[in-house]
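A short write-up of the structure that comes next.
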């Protein structure tokens, strides 16, 4: 980012200009408007590392239909506790955005909040069968899901790493 004058002192210094620092800075300023907050970033723009689209879905994350948040227990049942935690965090984010819209801090939420389809990528017969099972991870959304058996033959098809 362009070099700007950095204050000699601050109450809060946020390192990195990604979504987490932006959100934390917003919440802290809402809680205490008198705070002097400084955000430091070494890259050319905000949100270009972990928050950047190729590294992050760039979506409000509801944790639905994801194997890493819904492991199968030895008895065959599915542990959804982590998915519920992530989903609750997503709901809290939506509440913050709604508050900021009502307050007028966000003029048009459609400028950055966009509904988008969800994709769950799995491989291996066991994972595919489990994802498709009526009692599996996606049982609530399975009726509206589109399925593909396309094979990725070249690593570049999955985007940069």
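The values are calculated or read from the model by the stated rules, or taken from the named source; none is laboratory data. For clarity, every value in this text was computed on a predicted model and none was experimentally measured. With ideal geometry, Cβ positions are generated from the backbone for all residues, glycine too; neighbour counts draw on all protein chains shown.
Can you pull out every residue in region 80-110 that is assigned to a loop (DSSP other than H, G, I, E, B) and in contact with a helix residue (DSSP H, G or I) (Cβ under 9 Å, 6 or more places away or on another chain)? Within region 80-110, 80, 105, 106, 107, 108 meet the criteria. Residues of region 60-74 include at least one that is over 21 Å from the mean Cα position of the chain (by Cα), exposed (fewer than 14 other Cβ atoms within 10 Å of the Cβ) and either part of a loop (DSSP other than H, G, I, E, B) or modelled with pLDDT under 80 (or both). I'd like to check something: does region 106-122 contain any residue that is loosely packed, with under 12 Cβ neighbours inside 10 Å, within 19 Å of the chain's Cα centre (by Cα), more than 20 Å from residue 19 (Cα to Cα) and modelled with pLDDT under 70? Yes, region 106-122 contains a residue that is loosely packed, with under 12 Cβ neighbours inside 10 Å, within 19 Å of the chain's Cα centre (by Cα), more than 20 Å from residue 19 (Cα to Cα) and modelled with pLDDT under 70.
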